[in-house]
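I have placed the structure first, in the form of structure tokens, so that the comments after it can refer back to it.
The values are calculated or read from the model by the stated rules, or taken from the named source; none is laboratory data. Note that the structure is a prediction, hence the values are computed from the model and not measured. Glycine also receives a Cβ, built like all others from the backbone with ideal geometry; neighbour counts cover every protein chain displayed. To get the accessible areas, we keep the full protein, side chains included, count just its heavy atoms, and leave off ligands, DNA and RNA. Shrake-Rupley method; radii C 1.70, N 1.55, O 1.52, S 1.80 Å.
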Amino acid sequence: MHPLQCVLRAQRCLQRGPLASVSWLLLRTCRAHSSIPSSACPSPERPQEDGVGKDFSSRLATGPTFQDFLRSALVPPEKPSSSEMEDPPPYLTADELLGRQRRVYLETYGCQMNVNDTEIAWSILEKSGYLRTNSLQEADVILLVTCSIREKAEQTIWNRLHQLKSLKSKRLRSRVPLRIGILGCMAERLKEEILNREKMVDILAGPDAYRDLPRLLAVAESGQQAANVLLSLDETYADVMPVQTSPSATSAFVSIMRGCDNMCSYCIVPFTRGRERSRPIASILEEVRKLSEQGLKEVTLLGQNVNSFRDNSEVQFNSAVSTNLSRGFSTNYKAKQGGLRFAHLLDQVSRIDPEMRIRFTSPHPKDFPDEVLQLIHERDNICKQIHLPAQSGSSRVLEAMRRGYSREAYVKLIQHIRECIPGVSLSSDFIAGFCGETEEDHLQTVSLLREVQYNIGFLFAYSMRQKTRAYHRLKDDIPEEVKLRRLEELITVFREEATKANKSFVGCTQLVLVEGPSKRSATDLCGRNDGNLKVIFPDVEVEDVTDSGLRVRAQPGDYVLVKITSASSQTLKGHVLRKTTLKDSTAYC
Ligand code: 5AD
Ligand code: SF4
């Protein structure tokens, strides 16, 4: 990106985005030009010099003139597409923006959004001429896609950076020195703290800055640190189709929206991933169609708040129709209107390929209007599985968390969902030891776990995050050992209840999508039922789907019927009956 674009973008963002990150970007932009002598400002039209590094600093020193800034200011820059990114800024040559066969090693931490971000980053770098490697030793560039959601997640990255330090120092004198980059939430949250603390980090790219990776790496080639942590109001990487890395994969994640406007008081995500924005439906459908053509059998629609999806890109749908929330739920933000909503997207996506399972994660309980529940019930290929993050079973704590619902409203929603979608599989997230949580509050969470009997659960001890509302307004007053003890108790109760819930499958026949060999036993296969529970069964010859009497071994991507014989809190076991199709078979008891 032209440095001026940074400035202009930063100015646009000053009106909307978090001030701290923007002023920091301006600071870094200025720093990159701090050595500009006022008299030495050659026109950018002068021929670009070739060569890496050796003359880079002098070219930086003779950056664009003030006139260039004014000239570009007359035409506000459009958001660059990936092809526009290939236009070099004045201080780089086109050649320097290319990867020139440098090998990139990508390492992903945290949630599925980060896995998806890794593929977006890779897709952008691959187009720029980088190669990918799975070997750390072979890498010229190491990029860590990071997570900030809890303190522990960040500590893991700091530890990893220490390990990488020695690798980098060994390579200092080599022809191509090793470059290290921090991508994603931690880059966004800590910004210059990372560059200052770890001099060995060369580049930082926030979650909305991956298109800028070729430029950041080109600047790093000269030995300078480079960063872009600007958050965007509209970046969805809609045109960057993530690269499907494993050819045998049966399922894929498709990003449908980014960011979050909910501002739950404990959560750093709105600060690291920015405002909520949805990807235009047309590009989502195109990606799902391509995945179906490649033979994939399962798509998970991905986002921080998938069911708040709202595609406002087509003007004719931007009516003033107000949003239907789940009954008894409210938002922390001003009501939004118009646009194409999640029910519409789900309907369209599920029509593409009746043999393709559709899942979505992660939703917020507030956005489950009846039309979404009805569609999940009616459409065979939309999995009857809903993640409904409760976070706490105490209305008092839920209020402190600013979740926008009470325990009673949440329980009513669960009852309503179970009425609308009989047999639905439910999962949830819970936080133990949030600010001010009493023993009584904790017991309310225990009782919610017992009452709902989730099939799958994700439980965490509260980890205070700077910038959040809880950090500013509440006290992280639950001692660590109490948090951990409460967490243990929640885990124990969750497991007991999940075991009971999963045992109800014993004797039933489940439709399972085969993923591959079981990790624990070479003679077993592993797959997932509609509710997303892992199902293990012996890898034996079975009758084929055609009823021809032919016997075949099930392969990844096949649907099979499995009779369940035992269940634990996490897994179902059984024996395979036959190969089948999604259309022709439903699970039964
Ligand atoms: N501490 C502990 N857990 C958290 N989560 C989000 N922020 C925090 C925090 N500060 C959990 C929530 C959320 C899940 C993705 O991570 O349960 O749903
Ligand atoms: Fe964080 Fe709440 Fe947004 Fe989930 S809904 S990402 S918990 S702020």
Report task. Provide a single number: the residues in segment 125-138 that are open to solvent by 20 Å² or more (accessible area, probe 1.4 Å) and not in a loop (DSSP other than H, G, I, E, B). Result -> 4
Report summary line: Residue pairs within 8 Å by beta carbon, gap of at least six or interchain, first lying in segment 210-236 and closer than 23 Å to residue 273 by Cβ, second β-branched (Val, Ile, Thr) and in a helix (DSSP H, G or I), listed first then second, are 210/120; 210/124; 211/124; 213/124; 214/124; 226/219; 230/22
Query raised in the report: If you check residue 409 against the conditions, is it away from ligand 1 (no atom under 16 Å from the Cβ), more than 26 Å from residue 116 (Cα to Cα), modelled with pLDDT of 95 or more and in contact with a Phe, Trp or Tyr (Cβ under 9 Å, 6 or more places away or on another chain)?
Result: yes
Report task. Residue by residue through segment 283-292, note down the ones that are farther than 17 Å from residue 381 by Cβ and either crowded, with 22+ Cβ neighbours inside 10 Å or in contact with an Asp or Glu (Cβ under 8 Å, 6 or more places away or on another chain) (or both). Result -> 283
Requested in this report: Determine if segment 442-450 includes at least one residue that is within 15 Å of ligand 2 (Cβ to nearest atom) and more than 23 Å from residue 503 (Cβ to Cβ).
Outcome: no
Query raised in the report: How many residues does segment 479-495 hold that are closer than 30 Å to residue 575 by Cα and touching a residue at least 12 places away in the same chain (Cβ under 8 Å)?
Result: 4
Report summary line: If we take segment 180-229, then helices (runs of 4 or more DSSP H) inside it with 1 or more residues that are more than 21 Å from residue 152 (Cβ to Cβ) and either open to solvent by less than 10 Å² (accessible area, probe 1.4 Å) or modelled with pLDDT of 95 or more (or both) are 192-197, 213-221
Query - Candidate set from segment 413-433 (those that are small (Gly, Ala, Ser) and away from ligand 1 (no atom under 14 Å from the Cβ)); member that is least open to solvent (accessible area, probe 1.4 Å) - result: 425
Report task. Identify, by number, the condition in (1) more than 26 Å from the chain's Cα centre (by Cα); (2) open to solvent by less than 10 Å² (accessible area, probe 1.4 Å) that residue 169 doesn't meet. Result -> (2)
Report task. From (1) closer than 19 Å to residue 120 by Cα; (2) part of a helix (DSSP H, G or I), pick out the condition that doesn't hold for residue 254. Result -> (2)
Query raised in the report: Which of the residues spanning segment 388-397 are within 15 Å of residue 443 (Cβ to Cβ) and within 12 Å of ligand 1 (Cβ to nearest atom)?
Result: 390, 392
Query raised in the report: Going by the conditions given, is residue 486 touching a Gly at 6+ places or on another chain (Cβ under 7 Å), farther than 27 Å from residue 355 by Cα, modelled with pLDDT of 95 or more and more than 16 Å from ligand 2 (Cβ to nearest atom)?
Result: yes
Requested in this report: Could you run through segment 246-276 and say how many residues are more than 21 Å from residue 145 (Cα to Cα) and within 16 Å of ligand 2 (Cβ to nearest atom)?
Outcome: 6
Query raised in the report: Before we move on, is residue 539 open to solvent by 30 Å² or more (accessible area, probe 1.4 Å), more than 21 Å from residue 360 (Cα to Cα), at pLDDT 95 or above and touching a Phe, Trp or Tyr at 6+ places or on another chain (Cβ under 8 Å)?
Result: no
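This table checks each residue for (1) under 26 Å from residue 294 (Cβ atoms); (2) aromatic (Phe, Trp, Tyr); (3) in a loop (DSSP other than H, G, I, E, B); (4) touching a Leu at 6+ places or on another chain (Cβ under 8 Å).
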site	(1), (2), (3), (4)
498	no, no, no, no
527	yes, no, no, yes
557	yes, no, yes, yes
560	yes, no, no, yes
565	no, no, no, no
572	no, no, no, yes
582	yes, no, yes, yes
585	yes, no, yes, yes
**Report entry** Matching residues in segment 364-386 - criterion: being touching a Gly at 6+ places or on another chain (Cβ under 9 Å) and within 18 Å of residue 298 (Cα to Cα)
**Finding:** 383, 384, 385
Query raised in the report: Can you name the residue in segment 468-483 that is within 16 Å of ligand 2 (Cβ to nearest atom) and part of a loop (DSSP other than H, G, I, E, B) and, of all such residues, is farthest from residue 398 (Cα to Cα)?
Result: 468
Query raised in the report: Are there any helices (runs of 4 or more DSSP H) wholly within segment 293-412 with 2 or more residues that are open to solvent by less than 10 Å² (accessible area, probe 1.4 Å) and within 16 Å of ligand 2 (Cβ to nearest atom), and if so which?
Result: 395-401
Report task. Among what's in segment 434-457 and is hydroxyl-bearing (Ser, Thr, Tyr) and open to solvent by 40 Å² or more (accessible area, probe 1.4 Å), pick the residue that is farthest from the chain's Cα centre (by Cα). Result -> 438
Report task. Determine, yes or no, whether residue 464 is touching a residue at least 60 places away in the same chain (Cβ under 8 Å), within 16 Å of ligand 2 (Cβ to nearest atom), open to solvent by less than 50 Å² (accessible area, probe 1.4 Å) and more than 23 Å from residue 341 (Cβ to Cβ). Result -> no
Report summary line: If we ask which residues in segment 258-282 are open to solvent by less than 20 Å² (accessible area, probe 1.4 Å), away from ligand 1 (no atom under 11 Å from the Cβ) and over 17 Å from the mean Cα position of the chain (by Cα), their number turns out to be 1
Query raised in the report: Is segment 423-440 home to any residue that is assigned to a helix (DSSP H, G or I) and among the hydrophobic types (A, V, I, L, M, F, W, C)?
Result: no
Report summary line: Counting only residues that are crowded, with 19+ Cβ neighbours inside 10 Å and over 14 Å from the mean Cα position of the chain (by Cα), segment 107-123 contains a total of 1
**Report entry** Check on residue 149, over 23 Å from residue 124 (Cα atoms), under 18 Å from the mean Cα position of the chain (by Cα) and either hydrophobic (A, V, I, L, M, F, W, C) or open to solvent by 20 Å² or more (accessible area, probe 1.4 Å) (or both)
**Finding:** yes
Query raised in the report: Restricting attention to segment 449-456, does a residue exist that is among the polar types (S, T, N, Q) and away from ligand 1 (no atom under 13 Å from the Cβ)?
Result: yes
